[in-house]
Amino acid sequence: MPTPRKGEDHDHFMQRCMAWPDLQDRPPAQREAICQSKWEKGKEGKMKSWYRVENRTEPEADLFVYNEIGGMGITAADFVADLKTIKARKINLHLNSPGGDVFDAITMYTALKQHGAQIEVYVDGLAASAASLVAMAGQRVIMAKHAFIMVHEAHGLTLGNAADMRKAADLLDLMSDNIAGIYAEKTGGSKEDWRAKMAVESWFGDQEAVAVGLADEVSDGVAPQNTFDLSKFKRPPEMPHAAPEPETEPEEEEAPPIDYAALFAAAVEGVL
């Protein structure tokens, strides 16, 4: 039986698996179920700790994104390929991400908006930077207690002369306007207001996110502990961490036993 190859997308694997000689005596629906199971097991071996899809063929599916977006995290290509396999009428998207590549995030946002299922987004810990864009795809956005959403302007690196720098600055402004438009569409505010919030890197706690319209309610769940390095941001808030281990008193060394015979001998010697 085939297994997913490195870099292979879902559609290509399914096509290859469905044509596998050992499966040709099975009905098409059974072949598809076997191949889908093989795909899920293969993907779980690589990403199950921070990215997974659960109950994709049930009426309600769960999708977990608990890492960076793009780069070494979950790419738009993998996300969209998995999204296409979800037949559920409702998708619960769980986010805990410091952000990442803005173009991957916009692609994920667009794919969710076009899917056709009801999308509910749960910010389980953090939806910062590009991850906050993905969160805006939800018809409803639910914050865990103590969770955060962060918005800021588009960032980028450019190598070149002054003309290259000006061109890059224009592109970043264009991207930031586009991002502000997504926030404005969700909240009912203006792009100008959101550009102002983005310019100062704004962090919104659970209730604050609801107040400004980025989220719709706060759940009873408590945000998981975050281990992301937030030092790259300008104004990261104090995030909930695990309670420190209680300090233990150093054990006192046992005093050596008193040699009374030696003490008596010394005392007698001093007297004599």
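Every read-out reported here was derived from the displayed coordinates using simple, explicitly stated rules and does not represent laboratory data. Computed from a prediction, not measured in an experiment: that's the story for all the values here. Methodologically, a virtual Cβ is constructed for each residue, glycine included, from the backbone with ideal geometry; neighbour enumeration extends over all protein chains shown.
Points worth noting:
- Cβ-to-Cβ counts within 10 Å put V141, V212 in ascending order as V212, V141, the fewest first.
- Within the stretch 50-239, the proportion of C-alpha pairs whose separation exceeds 24 Å stands at 36%.
- Ranking of D177, D104, D11 by count of other Cβ atoms within 10 Å, fewest first: D11, D177, D104
- Total charge dipole magnitude, the stretch 128-228, about the Cα centre, Cβ charges on Lys, Arg, Asp, Glu only, Debye to nearest 20: 140 debye
- Cross-link pairs K84/K145; K113/K191; K113/K167; K84/K191; K87/K186; K84/K186 - those with Cα-Cα distance over 29 Å: K84/K145; K113/K167; K84/K191
- Principal axis extents of the C-alpha atoms in the stretch 73-132 (largest first, rounded to whole Å): 28, 22, 16.
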